[in-house]
Amino acid sequence: MAARQKLLLLDDDQDLLELYKEILGQLPSQPEIHIATSGAHAISILESDRFGLLISDLNMPKMDGLQVLTIVRRKFPSLRTAVMTSVVDEQFRARAYSMGIDLFLEKPNSAREITFFLDCIESLLGKEDKAGFRGIQSKSLVDIIQLECLSGSSSVLKITNGGMEGKVWLVAGEIVDASAAGLGGQEAFQTILGWKTGNFEILPAEDSRPRTIFVNYQGLLLETAQAIDEAGAAHEQGTGEAAAGDGKPRSKLAELARTPGVAFLLVVPDGAGAVESWGVSNPDQVSAWARDTRSRFASLGHDMGAGPLNRFDCFGTQHHLSLVSRSEKTLCVGFNRSLTPDEVRETLKTILVKWES
């Protein structure tokens with residue numbers, strides 16, 4: 001039986017250490033989890049035994065996380081390192097990656113973030129020869145890019161695959177440009193996403209980068225994945241053509257999803273018909289909420305004597321949302337949080353014209 005790996009968790013907050021020790025106890029590989037409340041203590045622990053991974057906070061007194069990582073990189077070059085911090089700072093992120101860390105994560109606050117955090121840590125504890133990208137061995141570039149987009153990052157993702165190099169520019173969680181193999185825009189992005197292994201690092205943002213990609217990141221990832229799958233299928237069949245090469249969108253929602261600023265879409269029928277969705281991980285829950293909200297607003301309109309209320313807009317910290325009832329169906333549209341209320345209203349007008357055409 002293989003020996004359990006040892007993991008060291010460094011944070012100056014004892015309560016957080018206990019909390020994250022409990023969370024990390026859910027890891028499938030069941031590593032031995034040790035804790036340290038200071039940089040000096042962490043280094044002494046690392047000197048006393050062989051560890052597979054150090055997870056360090058950044059903001060600590062006396063010796064901060066970056067100072068610890070500098071020493072660790074010199075004294076323990078084979079040790080994998082990850083940063084887990086509540087400091088959302090692109091300069092910190094860039095400096096940490098330039099020092100050779102494997103992963104930079106914000107401290108998880110939701111069940112979804114905790115699940116992704118555990119997946120990433122588990123992969124760092126895995127074998128060196130596993131396919132993937134350094135830092136997230138069991139993850140694809142799709143996972144890496146989604147993490148950057150979901151966190152609303154502005155950065156440049158640099159990917160190397162052998163002698164090839166590619167870059168993806170992100171601004172406020174949206175992909176604005178890409179370059180690789182002499183290509184640009186979506187062609188370059190598709191080329192990069194076809195790479196299965198390599199290394200990645202996150203560089204400081206370039207907000208002045210001209211935008212050449214206008215599809216929201218969910219739509220871009222979906223289209224690229226479909227193109228790669230179709231190219232692979234065509235290659236296997238020896239036809240040299242994609243299975244669906246007529247250039248038509250696969251569905252009306254896929255066409256609507258190309259509208260800049262759209263994060264997700266659902267079409268919820270008034271009756272018991274099937275729900276159509278795009279970019280939603282939990283369509284059943286969202287559609288149930290949409291039906292309930294539509295019913296409540298219908299009752300409110302009746303009580304106020306205003307008649308049926310057929311539109312509802314809300315503006316949140318994660319996404320903006322609109323519900324519109326038309327012809328026994330309700331369209332639920334999620335928008336990127338970067339859009340202003342006026343931009344949401346104008347974008348919704350464009351979507352409704354396409355939806356009803």
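To make sure I understand, if each residue's beta carbon is the centre and we count other beta carbons within 10 Å, what order do 27, 323, 54 fall in, fewest to most?
Working: 27 16, 323 21, 54 27.
With the fewest neighbours first, 27, 323, 54 line up as 27, 323, 54.
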*Could you compute the FRET efficiency for residue 4 and residue 111, with r as their C-beta to C-beta distance and R0 at 25 Å, rounded to 0.05?*
0.45
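Please report the net charge: other residues with Cβ closer than 10 Å to the Cβ of residue 177, K and R +1, D and E -1.
Details: positive: 167, 209, 211; negative: 206.
Local net charge: +2.
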*asked:* Show me, for segment 55-69, the HN-Hα J-couplings you get by feeding each phi into the Karplus relation (A = 6.51, B = -1.76, C = 1.60, θ = phi - 60°), rounded to Hz, glycine and proline as x.
replied: 10, 10, 6, 9, 8, 9, x, 6, 10, 7, x, 5, 5, 4, 5
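What's the extension gain from residue 158 to residue 78 if we count 0.36 nm per residue and subtract their Cα-Cα distance?
Working: separation 80, 0.36 × 80 = 28.80 nm, distance 2.24 nm.
Taking residue 158 through residue 78 to full extension adds about 26.6 nm, to one decimal.
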_As a quick test, which of the pairs 6/75; 75/167; 21/107; 329/349; 329/354 have an alpha carbon distance above 20 angstrom in this structure?_
75/167
*With an 8 Å cut-off on Cα pairs and a minimum separation of 6 or more residues, tell me the relative contact order of segment 1-126 in percent.*
24 percent
*Could you work out the relative contact order of segment 252-356, using alpha carbon pairs under 8 angstrom and six or more residues apart, expressed as a whole percent?*
29 percent
*FRET efficiency, residue 345 to residue 208 (Cβ-Cβ, R0 22 Å, nearest 0.05)*: 0.20
*Would you mind calculating the gained length between residue 150 and residue 329 on full extension (0.36 nm times residue separation, minus the Cα-Cα distance), in nm to one decimal?*
61.5 nm
_Starting from the 7 Å offset along Cα-to-Cβ, what nm value, one decimal, do you get for the label separation of residue 295 and residue 26?_
3.1 nm
*Mean-position separation - Cα centroids, segment 332-357 and segment 259-278, in angstrom*: 13 Å
*Between residue 50 and residue 304, what length in nm is gained on full extension when 0.36 nm per residue of separation is reduced by their alpha carbon distance?*
84.5 nm
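Compare the peptides 269-278, 111-120 by average per-residue count of other Cβ atoms within 10 angstrom and give them in order, highest first.
Numbers: 269-278: 13.5, 111-120: 15.7.
Answer by packing, highest mean first, reads 111-120, 269-278.
Please compute the net charge surrounding residue 33, taking Lys and Arg as +1 and Asp and Glu as -1 over other residues with Cβ under 12 Å from its Cβ.
Working: positive: 4, 6, 21; negative: 18, 22, 32.
Charge balance near residue 33 sits at 0.
Read the figures in this text as sums done on the coordinates, not as results from a lab. Remember, it's a predicted structure, so these values are computed and weren't measured experimentally. Ideal geometry is used to build each Cβ from the backbone, glycine not excepted, and the neighbour counts take in all protein chains shown.
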